[in-house]
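The values are calculated or read from the model by the stated rules, or taken from the named source; none is laboratory data. These figures come from a predicted structure and were not determined experimentally. Here the Cβ is made from the backbone with ideal geometry for all residues, glycine too, and neighbour counts use every protein chain on show. Heads up: the accessible areas ignore ligands, DNA and RNA and are worked out on the full protein's heavy atoms, side chains in. Shrake-Rupley method; radii C 1.70, N 1.55, O 1.52, S 1.80 Å.
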Amino acid sequence: MISQGEGKTEKDPVQLRCFTYTLIFTKMAQPLRTPVLPAAVIRSASTGTLEVKEPLNFWCGGRMKPKDEKNAERVYEPATGHVLCEMVPCGAEEVDQAVQSAHSAYLKWSKMAGMERARVMLEAARIIREQRDEIAKMEVINNGKSITEARVDIDVAWQCIEYYAGMAGTLAGQHIQLPGGAFAYTRREPLGVCVGIGAWNYPFQIAAWKSAPALACGNAMVFKPSPMTPVTAVMLAEIYAQAGVPEGLFNVVQGAAETGTLLCHHPLVAKVSFTGSVPTGKKIMEMSAKGVKPVTLELGGKSPLIIFKDSELDNAVKGALMANFLSQGEVCCNGTRVFVEREILPKFLEEVVKRTKAIPIGDPLLDGTRMGALISRPHLDRVLGFISQAKKEGARVLCGGEPFVPTDPKLQGGYFMSPCVLDNCTDDMTCVKEEIFGPVMSVLPFDTEEEVLQRANNTTFGLAAGVFTRDVARAHRVAENLQAGTCFINNYNISPVEVPFGGYKMSGFGRENGQVTIEYYSQLKTVVVEMGEVDSLF
């Protein structure tokens, strides 16, 4: 940093700080251009065998060695409990470097035509498709979900980048004719350097969801992954660099709350997009407000799934399983409050318990596995604690809800549990009111449509909701009255990149995916043109 004496000037404070960042930027170490993990190493790895020793921060087109490793935190492989790598959080100087690098790239990228940006993004999507299996495998090792799900996540990531590449060349304004030959037009312009802060349940996919619309609009992005899943965002940064983006356009800084705070307060950051918990979302909103920065918040949920007696029962059961047990239940929009019309409740419970007991749990890298390991030991203990509390409050465990120890010796230190179905639940129970974020389904009976809608909406959350029924009029009527950002009819947890995703109430605001997200990564300028004499009052 420059000294106070060197920085004395009458310039604006923001200009002064930017000058400071420029000095830092010129002095930093040279980036490492080699891959964080060669493809051959990933392909040959199996559960419990991989250890990542390379630096995991990325800016200026390459990985950056950490300035100080004394605050390194261990990152664990969920399926084994083995140490996967060490995450070294970025401090103020490193955050400055990453943001300054992104700003330099933004100045180049934003001047390119939309079609030019699209070509680079399409190349990034192609590389992801080509490296799909390696990225998915690394995602499993770092996150614990099944390889079958991880492959879908990687497919969604490249589809998202491809989708917004298609939109990059279509961004346009309007022409408005005014009296006397005057006219006005609007320009849709980028914001600048955007910050993305990701969650640990979909590490690679979230990085793509946030970066794709940002880059399509001409912005740069500095992305901070969860400290528990630091690896695959770096792989995405390497792919963007390989595709030909300007150096620094997509950067990765590692860290936890302190690093996130530095990003939110940085004067060169124009927008923050966050996926995570409600309490952290509130803090990010508060910090960003000090700089009057727009935010997108995708927060938690306690979503209702309503199953009417006229529904196709087999589909309803499959929908309930998809609504609760994907990614070990670690999904923000899961339909964990399953309301079942009383007349069909016994049959529903019989079927859903039978299928839940049959879910294969184990090594997440095996194709036959359908449920892997939870993200960490503390999180596993937290989820099991919710089940213990539910039993104390009167709920009945119909299956699961216990630690699961696989027979494979290498998995016996992993964070596994058996998926749980809770019966005899009431609306005032902790397991029904609070987000558990684990494989726990709470089943509740209901009698009338009016009653179940009131109960379904009686929550501070509003991320998603679902309804199963053969009655078309009822399906649309219920969807209209559910207070949620996404409503599923006769399915659940389907999130195509073409449709917007986001919440109502305390589940956040702003949207990801779909055309509308362009509006959250751009700003509108109005230009008024007078072709004649100025009509002046003076």
Counting just the residues of segment 508-529 that are touching a residue at least 40 places away in the same chain (Cβ under 8 Å) and open to solvent by 100 Å² or more (accessible area, probe 1.4 Å), which one comes out farthest from K309 (Cα to Cα)? V528
Working only within segment 51-88, note down all residues that are surrounded by fewer than 21 Cβ atoms within 10 Å (Cβ to Cβ) and among the charged types (D, E, K, R). E51, K53, E54, K65, K67, D68, E69, K70, E73, R74, E86
Run P445 past the list (1) over 30 Å from S376 (Cβ atoms); (2) in contact with a Phe, Trp or Tyr (Cβ under 6 Å, 6 or more places away or on another chain); (3) open to solvent by less than 40 Å² (accessible area, probe 1.4 Å) and report the number of the one that doesn't hold. (2)
Matching residues in segment 155-196 - criterion: being within 23 Å of P227 (Cβ to Cβ) and open to solvent by 10 Å² or more (accessible area, probe 1.4 Å): none
Got a number for residues in segment 473-484 being closer than 12 Å to N457 by Cα and open to solvent by less than 60 Å² (accessible area, probe 1.4 Å)? 4
Set E247, E162: member being farther than 18 Å from I284 by Cβ, in contact with a Pro (Cβ under 9 Å, 6 or more places away or on another chain), in contact (Cβ under 8 Å) with a residue 12 or more places away in the chain and charged (D, E, K, R): E247
Assuming T232 fulfils every condition listed in (1) farther than 22 Å from E512 by Cα; (2) surrounded by 24 or more Cβ atoms within 10 Å (Cβ to Cβ) apart from one, which condition is it? (1)
Quick one: which residue in G329, G368, G385 is of a type in the set (G, A, S) and touching a residue at least 40 places away in the same chain (Cβ under 8 Å)? G329
Given the conditions (1) open to solvent by 60 Å² or more (accessible area, probe 1.4 Å); (2) among the hydrophobic types (A, V, I, L, M, F, W, C); (3) farther than 30 Å from K309 by Cα, report the number of the one that V497 does not fulfil. (1)
Pick from S211, S146: which is hydroxyl-bearing (S, T, Y) and under 26 Å from E519 (Cα atoms)? S211
How many residues of segment 133-147 are open to solvent by less than 10 Å² (accessible area, probe 1.4 Å), among the charged types (D, E, K, R) and assigned to a helix (DSSP H, G or I)? The answer is 1
Going residue by residue through segment 486-507, is there one that turns out to be touching a Pro at 6+ places or on another chain (Cβ under 9 Å), under 30 Å from N424 (Cβ atoms) and touching a residue at least 24 places away in the same chain (Cβ under 8 Å)? yes
Which members of segment 115-131 meet the condition of being crowded, with 19+ Cβ neighbours inside 10 Å and not hydrophobic (A, V, I, L, M, F, W, C)? R117, Q131
List the strands (runs of 3 or more DSSP E) inside segment 233-327, counting only whole elements, that have at least 2 residues being touching a Leu at 6+ places or on another chain (Cβ under 6 Å) and of a type in the set (K, R). none
Scanning segment 354-378 for residues that are part of a helix (DSSP H, G or I) and open to solvent by 20 Å² or more (accessible area, probe 1.4 Å) gives K354, R355, K357, R377, P378
Looking only at strands (runs of 3 or more DSSP E) that lie completely in segment 160-226, which have at least 2 residues being under 23 Å from R129 (Cα atoms) and touching a Gly at 6+ places or on another chain (Cβ under 8 Å)? 220-224
Is it true that some residue in segment 3-10 is modelled with pLDDT of 95 or more and either in a loop (DSSP other than H, G, I, E, B) or hydroxyl-bearing (S, T, Y) (or both)? no
Which numbered condition Y520 fails, given (1) hydroxyl-bearing (S, T, Y); (2) over 26 Å from Q159 (Cα atoms); (3) not in a loop (DSSP other than H, G, I, E, B): (2)
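Residues checked against (1) open to solvent by 20 Å² or more (accessible area, probe 1.4 Å); (2) small (G, A, S):
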residue	(1), (2)
G255	no, yes
T259	no, no
T280	yes, no
I284	no, no
L299	no, no
L305	no, no
Inside segment 43-66, the number of residues satisfying the requirement of being under 17 Å from P227 (Cβ atoms) and part of a loop (DSSP other than H, G, I, E, B) is 5
Pair list, Cβ under 7 Å, 6 or more apart: segment 407-424 residue without any contact (Cβ under 8 Å) to a residue 24 or more places away in the chain, other residue not small (G, A, S): Q412/V405; Q412/P406
Matching residues in segment 27-42 - criterion: being open to solvent by 20 Å² or more (accessible area, probe 1.4 Å), among the hydrophobic types (A, V, I, L, M, F, W, C) and outside any loop (DSSP other than H, G, I, E, B): L32, A39, A40, V41
The condition of being farther than 23 Å from G300 by Cβ and surrounded by fewer than 23 Cβ atoms within 10 Å (Cβ to Cβ) holds, among E450, E393, only for E450
List the residue pairs whose Cβ atoms are under 6 Å apart, where the first residue sits in segment 79-96 and is within 30 Å of Q328 (Cα to Cα), the second is of a type in the set (G, A, S) and open to solvent by 20 Å² or more (accessible area, probe 1.4 Å), and the two are 6 or more positions apart or on different chains. T80/G48; T80/G413; G81/G413; H82/G48; E86/A72; V88/A72
